[in-house]
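One structure is given here, and the rest of the page talks about it.
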Amino acid sequence: KKRDPHEKEFHQAVKEIFDSLVPVFVKHPRYMESGVLEQIVEPERIITFRVPWVDDQGKVKVNRGYRVQFNSAIGPYKGGIRFHPSVNASIIKFLGFEQIFKNSLTGQPIGGGKGGSDFDPKGKSNGEIMRFTQSFMTELCKHIDPDTDVPAGDIGVGAREIGYMFGQYKRIMGSYRAGVLTGKGLSYGGSLARTEATGYGTVYFVQEMLKDKGLSFEGKTVVVSGTGNVSIYAMEKATQFGAKVIACSDSNGFVYDRNGINLQTVKKLKEVENKRIAEYVNEHPHAEYYEGCTGIWTIPCDIALPCATQNEIDVNSAKLLVANGVIAIGEGANMPSTLEAIDVFLNNRILFGPAKAANAGGVAVSSLEMAQNSMRLSWTFEEVDAKLQQIMRNIYQNSVKASNEYGHPDNLVVGANIAGFLRVADAMIEQGIV
Ligand code: NDP
């Protein structure tokens, strides 16, 4: 906090993890004494750079680019790129820090990193997006390669942006290194089921939590925030599992459809036409649209899947969800619940799947994409989906095991943090101070 007093999101992420590691330090003081903690909060490297580009009117614009290479104890840095006006060092560091533990939890050989820019893709033409993205990669390419750092997408960075980044990387570096980015298109090295992986994975994780209590998605009402990559595929899998998704949102407002959200309409509006979710009601006039994002948590539901952005569920929204009878929360987004909101869920014994565990399916399949690229072959959708399900099951079981072993049964925040931490900490200690 002394070094970076203004980085409140980063401090929030560190506090959540360190608080839950206390039982580890009590049982095994060597993790305190080894200097691992002092090292793990300091990124191995932070790269900040100028991203100049020219808009459609011929005006020069400048944004700031970031890549935080946080921890490479168990593999090359791995984590997405976010384009959103709210991006700053604190946001990228919190995301990079969380990524270390999430990636460890997947059991795959991937370290933690994150990147992005304060560029706002909203309202930009395709040409502007391409020029910006190429400029971003012109600097980033000096710092990444398939064995060093492998970025992917995140908010504002989907298949189109990954494609432009890959093209620019190839052009500058003069060689075809398929494994330098993940989330690629299927025609040039992408993995089947990567698009679906985070949303599906979140639902697979919640399914495991429910199953342990003799419950399932069948017949449950579900509220999912966002209508981006994670949300859309969380809605799809929850519906396939027999649930009824009754609400979803974007950064302007939310739609409540008591008959069940029509996913085809959402996909058309958001994936094809790039429109606002407000337009949903034009095709489904019985549905209701409300301005503002947080109001979505006032809708009574059995299962809530926050899949939009950080801190979208505050303490009041959490209390309301509990009062309205929610039984399970699955965090598809990164850090969508504030620390106070998490306390409300845990104190009320709501089944709570924390982001690090519940949304790890995306990066897990990214790691499978890297494996396929290295082997120069591709697995079928069914093969990747089966591996994803197995990985989510393992993450759930390892988190439960750690939560029991360290005296916090049913607390998956503690369980996931401890399970993720131990693998990285052991690797750091074995590799010495470097
Ligand atoms: P997208 O850009 O595809 O979608 C984001 C969605 O959230 C959009 O509906 C967007 O609305 C909404 N949103 C964005 N910012 C805000 C905000 N400040 N307030 C309210 N709504 C907002 O991103 P993803 O689906 O990829 O990512 C969503 C979350 O999941 C992020 O936290 C990300 O870090 C996390 N995540 C993503 C993974 C992936 O594989 N993509 C992997 C693991 C985690 P609008 O359309 O109006 O912008």
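Figure the gain on full extension for THR148 and ARG45 (residue separation times 0.36 nm, minus the Cα-Cα span) and round it to one decimal in nm. Don't skip to the answer; put the middle values down first.
Values: separation 103, 0.36 × 103 = 37.08 nm, distance 1.22 nm.
Additional length available on full extension: 35.9 nm.
Remark: spin-label model distance ASP55-LYS275 equals 2.6 nm, labels positioned 7 Å along the Cα→Cβ axis. In the elastic network of the chain, a GNM with C-alpha springs shorter than 10 Å, the most mobile of ASP343, ASP314, ASP56 is ASP56.
Dividing the alpha-carbon radius of gyration of the chain by the rule-of-thumb value 2.2 N^0.38 Å gives 0.93. Dipole check for the chain: with +1 at the C-beta of Lys and Arg, -1 at the C-beta of Asp and Glu, and the Cα centre as origin, the magnitude is about 740 Debye.
Within the stretch 195-353, what percent of beta bridges assigned by DSSP are antiparallel, to the nearest 5?
Working: 7 of 19 bridges.
If we restrict to bridges inside the stretch 195-353, about 35 percent are antiparallel.
Distance between the 7 Å Cα→Cβ label points at TYR188 and GLU291: 4.1 nm. Within the straight-line cut-off of under 12 Å between alpha carbons, the aspartates and glutamates reachable from LYS1 are GLU9, GLU42, sequence neighbours fewer than 8 places apart in one chain being disregarded.
Relative to the globular-protein estimate of 2.2 N^0.38 Å, the Cα radius of gyration of the stretch 263-360 stands at 1.16.
On a 26 Å Cα-Cα criterion, which of the cross-link pairs LYS184/LYS237; LYS2/LYS319; LYS102/LYS267; LYS124/LYS267; LYS220/LYS319 come out too long? Please report the intermediate quantities before stating the final value.
On the way: LYS184/LYS237 22 Å; LYS2/LYS319 33 Å; LYS102/LYS267 28 Å; LYS124/LYS267 20 Å; LYS220/LYS319 20 Å.
Exceeds cut-off: LYS2/LYS319; LYS102/LYS267.
Taking 1.002 mPa s as the viscosity and 20 °C as the temperature, the Stokes-Einstein diffusion coefficient of the stretch 1-108 based on its alpha-carbon Kirkwood radius rounds to 135 µm²/s.
Hey, what did the chain get for relative contact order, percent, Cα under 8 Å, at least 6 apart? Kindly include the intermediate steps, with their values, before the conclusion.
Details: 910 pairs, mean separation 68.9, N = 434.
Relative CO of the chain lands at 16 percent.
Where the alpha-carbon atoms of the stretch 8-181 are placed on the principal axes, they occupy 61, 35, 22 Å, in descending order. In a DSSP loop and with at most 10 other Cβ atoms within 10 Å, the GluC sites (Glu not before Pro) in the stretch 241-330 are GLU273. Normalised by the number of residues in the stretch 236-317, the mean separation of alpha-carbon contacts (under 8 Å, six or more apart) gives a relative contact order of 28 percent. Within the chain, the longest run free of exposed loop sites, counting trypsin sites (Lys or Arg not before Pro) that sit outside DSSP helix and strand states (H, G, I, E, B) and have at most 14 other Cβ atoms within 10 Å, spans 276-348. Measuring how big the stretch 209-298 is from its alpha-carbon positions, Rg and Dmax come out at 13.0, 41 Å. Estimated translational diffusion coefficient (Stokes-Einstein, Kirkwood radius over Cα pairs, 37 °C, 0.692 mPa s) of the stretch 195-353: 216 µm² per second.
Each residue of the stretch 367-384 was assigned a 3J(HN,Hα) from its phi angle through the Karplus expression (A = 6.51, B = -1.76, C = 1.60, θ = phi - 60°), giving 5, 5, 5, 4, 4, 5, 4, 5, 8, 6, 8, 10, 8, 6, 4, 5, 5, 5 Hz with x at Gly and Pro.
Subtracting the Cα-Cα distance of ARG349 and ASN88 from their residue separation scaled by 0.36 nm leaves 90.5 nm. For the stretch 49-136, just say rounded, prolate or oblate: build the C-alpha gyration tensor, square-root its eigenvalues into a ≥ b ≥ c, call rounded for a/c under 1.5, and beyond that prolate if a/b exceeds b/c, oblate if not. Prolate shape, in that a/c is at least 1.5 and a/b is the bigger ratio. Only helical runs count toward this figure. For the chain, summing -39,500 (n - 2.57) over DSSP H runs of n ≥ 4 and dividing by all residues gives -14500 deg cm²/dmol at 222 nm. Here the spin labels are modelled as points 7 Å beyond Cα on the Cα-Cβ line, and at MET173 and LYS319 they lie 5.1 nm apart.
Under the combined filter of DSSP loop state and at most 10 neighbouring Cβ atoms within 10 Å, the stretch 157-254 retains these GluC sites (Glu not before Pro): GLU218. Taking the inverse of the mean reciprocal distance over all distinct Cα pairs, the Kirkwood hydrodynamic radius of the stretch 151-239 comes to 14.9 Å.
Between the alpha-carbon centres of the stretch 172-204 and the stretch 336-380 there is a gap of 16 Å.
Determine the percent antiparallel among the DSSP beta bridges restricted to the chain, to the nearest 5. Antiparallel bridges make up about 55 percent of those DSSP assigns within the chain.
When N counts the residues of the stretch 334-434, how does its alpha-carbon radius of gyration compare numerically with 2.2 N^0.38 Å, as a ratio?
Details: Rg = 16.2 Å, N = 101, 2.2 N^0.38 = 12.7 Å.
With N residues counted in the stretch 334-434, Rg over 2.2 N^0.38 Å equals 1.28.
The numbers here are math on the coordinates, done by the rules we state, and not lab data. Source: prediction; values computed, not measured. Neighbour counts are summed over all protein chains in view; Cβ atoms, including those assigned to glycine, are modelled from backbone coordinates with ideal geometry.
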